[in-house]
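Each value in this text was obtained by applying a stated rule to the coordinates, not by laboratory testing. Owing to the predicted nature of the structure, the values given are computational and were not obtained by experimental measurement. Every residue, glycine among them, receives a Cβ derived from its backbone with ideal geometry; neighbour counts consider all protein chains shown.
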Ligand code: RP5
């Protein structure tokens, strides 16, 4: 059987981004959406970035989740080389608590969009939920999975603050 390319690619600038980006992977596991996770650094491995981004659509990916911290150029540079939607996750940096990452990812020039999420874990989770919602537009089974996930989340919220 030919291996099918995962619809979602999760890319990140460094292995040090994984503790944040694994929250995106966990959501996709819950939703049973296939993904590939790869370390691609805009600065340390520019050729790897070029090869990935220029080939991502042809390879069969549908949405790219890109996480990076500090001078976080990975999502924007990926977006400049692919027609696929790119969701950027600002990873919390040590020096500036992720404000540098957030601004680097959000402040794209008009014409090259990156859908920018919150800094850190919430951003990674929401990037995965948004990526799944994009795929669910043309996938009824996934739309149901996503609705079920949201219902479970709603049910899990306590009424009593003391637990
Ligand atoms: C960025 O630099 C990465 O996305 C990471 O968040 C940050 C620090 O990388 P390391 O020095 O931990 O490899 O490119």
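Both numbers refer to the Cα atoms of the chain; Rg and Dmax are 16.0, 53 Å. Each peptide in 132-139, 74-81 receives the mean, over its residues, of other Cβ atoms within 10 Å, and ordering these scores from highest gives 74-81, 132-139. At q = 0.18, 0.20, 0.23, 0.27 Å⁻¹, work out log10 I(q)/I(0) for region 115-156 with the Debye formula, treating every Cα as an identical point scatterer and leaving solvent out; two decimals please. The Cα Debye sum returns log10 ratios of -0.56, -0.66, -0.81, -0.93. I need the calculated FRET efficiency for the pair residue 94 and residue 155, taking r as the beta carbon distance and R₀ as 35 Å, to the nearest 0.05. Efficiency computed from Cβ-Cβ geometry: 0.40. Out of all DSSP beta bridges with both ends in region 8-155, state the antiparallel percent to the nearest 5. Percent antiparallel among DSSP bridges in region 8-155 is about 0.
Along the Cα-to-C-beta direction of residue 44, a point sits 7 Å from the Cα; which residues of region 7-36 have their amide N less than 20 Å from that point? Of the residues in region 7-36, 10-23 have backbone N under 20 Å from the label point off residue 44. The stretch between residue 80 and residue 133, if pulled fully straight at 0.36 nm per residue, gains 16.8 nm over its current Cα-Cα span.
In the chain, the DSSP-assigned H stretches of four residues or longer account for a calculated mean residue ellipticity at 222 nm of -14000 deg cm²/dmol, using -39500 (n - 2.57) per stretch and the full residue count as denominator.
Projected label points at residue 16 and residue 143, each 7 Å from Cα along the beta carbon direction, are separated by 4.3 nanometres. The packing ranking, built from the mean of other Cβ atoms within 10 Å per residue, places the peptides 20-28, 87-95 in the order 87-95, 20-28, highest first. Taking label points 7 Å from Cα along the Cα-to-Cβ direction, residue 51 and residue 103 give a separation of 3.5 nm. Considering only 14, 151, 97, the Gaussian network model of the chain with Cα springs below 10 Å gives its largest mean-square fluctuation to 151. Subtracting the Cα-Cα distance of residue 5 and residue 32 from 0.36 nm times their residue separation leaves 8.3 nm of extension gain.
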